[in-house]
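**Q** Let me begin by handing over the structure; questions about it come next.
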Amino acid sequence: MAFNQSAGPPANARQIERLLELLQKAGHDDFRSARGPMGFTQRQGNGKFTRDEADALIAKLEGDEHDPSEPSKPQPSARLTNDERAVQSITSGVLAAELQRRGWIVMEP
């Protein structure tokens, strides 16, 4: 595959229109402004998607639409290692003091 070329048939005009509409609802002006936040490639930032890419992105954006008054679904918690659990049990003051002792610069958020 050549540089900057898609790996499949191009998305049709209806898919591109729907995708742009959903991106605008999400607060982006166009494909280019959504490139960084959405993780688009340069090709996608220019509005060129394969059918599969467009379908997947449309499904993702439609799945993100929800009623703001509706409580958000809790995210599944990631499995923590023993070290991560131990660090979470340490108070902020103790953690900051230990980091300073190791040479780090620490400040409140």
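The values are calculated or read from the model by the stated rules, or taken from the named source; none is laboratory data. Computed from a prediction, not measured in an experiment: that's the story for all the values here. Glycine gets a Cβ as well: all are built from the backbone with ideal geometry, and neighbour counts include every protein chain shown.
**Q** Any residue at all in segment 18-36 that is hydrophobic (A, V, I, L, M, F, W, C) and modelled with pLDDT under 85?
**A** No - not one qualifying residue is present in segment 18-36.
**Q** Return a yes/no flag: does segment 74-82 have any residue that is out of contact with any His (no Cβ under 8 Å at 6 or more places or on another chain), surrounded by 11 or more Cβ atoms within 10 Å (Cβ to Cβ) and either at pLDDT 90 or above or not aromatic (F, W, Y) (or both).
**A** Yes.
**Q** Moving to a separate point now. In segment 45-73, which residues are at pLDDT below 55 and within 14 Å of L22 (Cα to Cα)?
**A** From segment 45-73, those at pLDDT below 55 are 66-73; that's our starting set.
Selection gives H66 alone.
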